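Quick notes on the structure that follows.
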Amino acid sequence: MQGPRPVVLSGPSGAGKSTLLKKLLKDYENIFGFSVSHTTRQPRPGEVNGKDYHFVSREEMQKEIDAGEFIEHAEFSGNMYGTSKGAVQAVQAQNQICVLDIDIQGVKNIKRTELNPIYISVQPPSIEILEKRLRDRKTETEESLQKRLSAARVDLELSKEPGLFDLVIINDDLEKAYSELKEVLLEEIKKTEESRKS
Ligand SMILES: Nc1nc2c(ncn2[C@@H]2O[C@H](COP(=O)(O)OP(=O)(O)O)[C@@H](O)[C@H]2O)c(=O)[nH]1
Ligand SMILES: Nc1ncnc2c1ncn2[C@@H]1O[C@H](COP(=O)(O)OP(=O)(O)O)[C@@H](O)[C@H]1O
């Protein structure tokens, strides 16, 4: 039998994907599992290798891509990011719903695969609010902040493509955004809970 449908969370950097994801993973510890991506960017304070990302060199990552070990990969803001087959398999082996946090290029590439996830875009109420949140997060240099803001503008434009996402969540009030996320996932959550009982 096919396992539960994976979930893709996409949207501009700073829109609130990680914040929503962390709440979901905490509230439904056994139901959802995070697809740990590879990246060539430097870890931020508090980020754990193997949990938040697999932090790797560009050479290492390219080698694994060439060996066919990735489902998708993309260049974002000067760094390489990608989902390995192993990352998704590790979650599916636990019979958990696999959640991917990927950019819009990743969304388009995943559409060409057999993964068949639910596609959700998390978006900020405005570019101004996005900028404020990114600044307040204090993770970026001025240069990487500007790169993220221009990528955000592109993302918001491309996201308008009809049918690209199953749901767009405007993350204004966090609790409201989280409720919307839970609501769309309710059916998959129930199915997974049921399958645990049988
Ligand atoms: N295509 C793709 N994008 C990814 C992957 N992992 C993370 N990203 C995206 O890369 C972008 C930058 O992520 P990150 O450096 O963690 O910054 P943040 O989104 O501002 O916290 C975000 O849009 C992520 O969704 C991946 O495996 N594949
Ligand atoms: N609804 C919200 N209202 C105010 N601040 C928020 C909200 N959602 C997220 N944030 C804050 O905005 C920043 C960016 O959120 P984050 O989850 O890191 O975004 P992403 O993972 O999409 O890059 C974080 O500092 C986070 O605490």
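Readers should treat all values here as calculations from the given coordinates under stated rules, not as data from a laboratory. Bear in mind that the values here come from a model prediction, so they are computed numbers and not experimental data. Because the Cβ atoms are built from the backbone with ideal geometry, glycine has one as well, and the counts that use them run over all protein chains shown.
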Within the under-13-Å Cβ sphere about Leu25, not counting Leu25, Lys/Arg +1 and Asp/Glu -1 give a net charge of +2
Amide hydrogen neighbours beyond the local backbone of Phe76, cut-off 5 Å, H modeled: Tyr81
What lysines sit close enough to Lys23 to cross-link, taking a C-alpha to C-alpha distance under 21 Å and skipping anything fewer than 8 places away on the same chain? Lys51, Lys138, Lys176, Lys182, Lys190, Lys191
In the chain, what % of DSSP beta bridges are antiparallel (nearest 5)? 30 percent
For Ile97, residues with placed amide H under 5 Å, excluding near neighbours: Phe32, Gly33
Counting other C-beta atoms within 10 Å, and keeping those with at most 12, which DSSP coil trypsin sites (Lys or Arg not before Pro) do you find in segment 17-107? Lys51
Could you rank the peptides 159-167, 173-181, 147-155, 114-122 by their average count of other C-beta atoms within 10 Å per residue, with the highest value first? 114-122, 147-155, 173-181, 159-167
Ser198 to Ala67: FRET efficiency via 1/(1 + (r/R0)^6), r the Cβ-Cβ distance, R0 30 Å, to the nearest 0.05? 0.20
Calculate the all-directions average of the projected area of the chain's alpha-carbon convex hull, and give it in nm². 11.2 nm²
For Lys197, the net charge from surrounding residues (Cβ-Cβ under 14 Å; K, R +1; D, E -1) works out to +1
Taking amide H atoms as placed 1.01 Å from N in the peptide plane, list the residues 5 or more away in sequence, or in a different chain, whose amide H sits under 5 Å from that of His54. Ser37, His38, Thr39
